[in-house]
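Asks: The structure is given below, and queries will be raised subsequently.
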Amino acid sequence: MKAKVADREERLEREEREEEEVLLAKALGHPCRVAILECLNANGPMAPVEVSHRLRAELSNLSYHFRVLAKGGLIEEIGRERIRGSVKTTYRATARALLHDAAWSSLSPTTKSGISATMFGVLASRASDALQAGTFDSHDNRHLSVSTIAVDQEGWDEAIGLLASVFHRLDEIEREAGERGGRQVPMSVGLLGFESPRMYE
C-alpha cells in the first residue's frame, strides 16, 4: 500500500513538473518575452509601461507577454502603486529557467539561442554586480571553477544529469534555510554545461 502511495505521489510530482516545464517553454518561446527578460535583468524591477518605453513597443502587446512570463514563473510581481486612477504594477525577473530535455527540444533553434543568450546575460550581469560591490569574494569558500573535459555520450548524459540535480537541490536548500529563520544572504548560482568548439588547456 505504501509503495502505491509513493508511486502515485511521484507520478503527480512528475506531472506537475512537466506542466511547469510546458509553461516555462511557452514563456520563453517568443522573442518579445526574451526581450522583456533582458530588459528587466539589465535595469532591475520595472513596470510594463517602463519596459514599453525602453523597447519602443506597444504597451497592450507587452502586457500580454508580461502575463505569460509571470505564469511561467520567470518574473514576479513585487509591488502595486495607484497612479491617476490606474494601477502601476512592478515586476522583477526571477531568472529560474531549468527546462527538461523534452521541453527544450520542442523549441526552435532561434528561441533556444535567445533563451541561452538571456540566461548567460543574467549570470554575467550578476557576477559583474558582485565584483563591483565587493561581495563576490567576501566568503572564503565561494566557488568558481571552469573546466573543459572530453566525454562520450554516456559521460555527457551523466554530467548534464548531475548539473540538473544540483540545481533542483538548490531549491530545497533555499526552502530549508528559510525554515531555519536565520539571517538570509543573497547567493547567485550559475550552472553551465555545453559543447565547446575545441579543447582548452
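Any read-out appearing in this document is the output of simple, stated calculations on the displayed coordinates, not a laboratory observation. Because the structure is predicted, anything quoted here is derived from the model rather than measured. Cβ placement follows ideal geometry from the backbone for every residue including glycine, while neighbour counts extend to all protein chains displayed.
Asks: Which whole-number percentage describes the relative contact order of region 49-201, with Cα contacts under 8 Å and a sequence gap of 6 or more? Display every interim value, and only then the final one.
Replies: Values: 67 pairs, mean separation 19.5, N = 153.
With pairs under 8 Å counted, the relative contact order is 13 percent.
Asks: Efficiency by 1/(1 + (r/R0)^6): what FRET value for SER138 and GLU179, r their Cβ-Cβ distance, R0 = 25 Å, to the nearest 0.05? Kindly include the intermediate steps, with their values, before the conclusion.
Replies: Details: r = 25 Å, r/R0 = 0.99.
Computed FRET efficiency for SER138 and GLU179 comes out at 0.50.
Asks: Sorted by mean Cβ packing within 10 Å, highest first, what order do the peptides 130-141, 108-119 take?
Replies: 108-119, 130-141
Asks: Along the positive direction of the dipole of the chain (beta-carbon charges: Lys, Arg +1; Asp, Glu -1; about the Cα centre), which of LEU59, GLY161, ASN43 reaches farthest?
Replies: Looking along the dipole axis, the top candidate is LEU59.
Asks: Something else: Among [x] 126; [y] 205; [z] 113, which is the computed volume of the Cα convex hull per residue in Å³?
Replies: Of the listed options [x] 126; [y] 205; [z] 113, [y] comes from this structure.
Asks: Just order 151-157, 73-79 by mean Cβ neighbour count inside 10 Å, highest at the front, would you?
Replies: Values: 151-157: 10.1, 73-79: 15.7.
So the order, starting with the most tightly packed, is 73-79, 151-157.
Asks: How much length would be gained if the chain were fully extended between ILE160 and SER113, taking 0.36 nm per residue of separation minus their Cα-Cα distance, in nm to one decimal?
Replies: On the way: separation 47, 0.36 × 47 = 16.92 nm, distance 1.84 nm.
Using 0.36 nm per residue and subtracting the Cα-Cα distance, I get 15.1 nm.
Asks: Still on this model: Would you count, across the chain, every pair of lysines whose alpha carbons are under 22 angstrom apart, provided the pair is eight or more residues apart or spans two chains? Mind showing how you got there, number by number?
Replies: Working: LYS26/LYS71; LYS26/LYS112; LYS71/LYS88; LYS71/LYS112.
Count of close lysine pairs: 4.
Asks: Another one. Per residue of the chain, what 222 nm ellipticity follows from adding -39500 (n - 2.57) for every DSSP H run with n ≥ 4, rounded to the nearest 500? Intermediate results must be reported in sequence, preceding the final value.
Replies: Details: 7 runs with 118 residues, N = 201.
Using -39500 (n - 2.57) per qualifying helix, the result is -19500 deg cm²/dmol.
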